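Just so you know, all these numbers are worked out from the coordinates, no wet-lab data involved. Just so it is clear, the model here is predicted, and its values are computed rather than measured. Here the Cβ is made from the backbone with ideal geometry for all residues, glycine too, and neighbour counts use every protein chain on show.
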Amino acid sequence: MRIWLPIVAVFAILLDAAPLRAAALSVAPTRLNLGTTATTDAVTVRNDGDQPVLVQVETFRWTGPLGREGLEATRDLLAVPSVFRIGPGQRQVIRVALREPFTGAVEKAYRLLIAEVPEEIGDRGGGIRFTLRLSLPVFVTPAGAAPRPEWRLERDAGGWKLVLRNAGNAHIRIRNLRLRPENGDRVIEPAEPAAYVLAGAEHEWRLPAGAMRRASRFILEADSQGGPISVPLAAKGS
């Protein structure tokens with residue numbers, strides 16, 4: 001069963017008090033998977049609003065943190081159509097494929113950026129408009145590839161942090177992350193409880209100040225795409 005992710009964005013806020021217009025888009029699925037056998041996949045965009053929307057699709061190689069330094073434009077993926085207009089109540093299927101066969105041993109990660117293209121509304125100029133951008137992960141995974149998480153607690157000048165190194169050849173998705181002290185003290189929950197960690201990459205979670213004062217041994221608990229995680233950890237030097 002597909003899960004629809006609703007994305008509601010303000011389409012236009014005009015300074016001269018023109019009527020407010022909004023666009024509401026949904027997508028399913030919210031991630032795509034390709035590999036050595038399944039070389040194509042598809043995502044469906046649905047317009048639940050009452051106005052037509054012009055949409056542009058771009059593909060990026062994903063190599064690090066989500067930002068300019070972690071995304072680079074690529075032609076490895078083909079997304080069709082790359083530009084389309086979708087009317088109220090309509091759907092559009094975007095088909096995604098590899099341009100070349102994948103033969104590597106380490107998973108490659110990409111991002112599919114689905115963005116609204118701003119358009120003029122009627123004859124009225126000026127004002128402020130907000131457009132939506134939705135970034136979907138696309139993974140190209142070789143057969144048998146899997147993550148290999150390595151967890152540790154570290155302290156630096158900024159305090160304590162929880163570090164995950166993924167020594168495997170496929171990504172791991174972490175959700176509902178928490179540290180449970182063995183002495184029964186209050187559970188520590190990082191401000192960012194979820195993250196993707198790509199193959200060969202590291203991710204760190206800063207822990208709240210003072211959270212490590214009353215305990216030195218913990219059980220790390222989290223959910224991942226491979227099932228629940230429970231790992232004993234020691235805070236050395238606490």
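Data overview
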quantity	calculated
Over region 97-238, relative contact order from alpha-carbon pairs under 8 Å, at least 6 apart, %	21
Distance (nanometres) between label positions extended 7 Å along Cα→Cβ at Asn33 and Ile219	2.9
Difference of contour (0.36 nm per residue) and Cα-Cα distance, Asp50 to Ala194	48.5 nm
Ascending count of other beta-carbon atoms within 10 Å, so fewest first, for Leu233, Leu153	Leu233, Leu153
Spin-label pair Leu233/Arg152, simplified geometry with 7 Å Cα→Cβ offset, distance in nm	1.2
Order of Ile114, Ile219 under a 10 Å beta carbon neighbour criterion, fewest first	Ile219, Ile114
Sorted by Cβ density within 10 Å, fewest first, the residues Lys236, Lys161, Lys108	Lys236, Lys161, Lys108
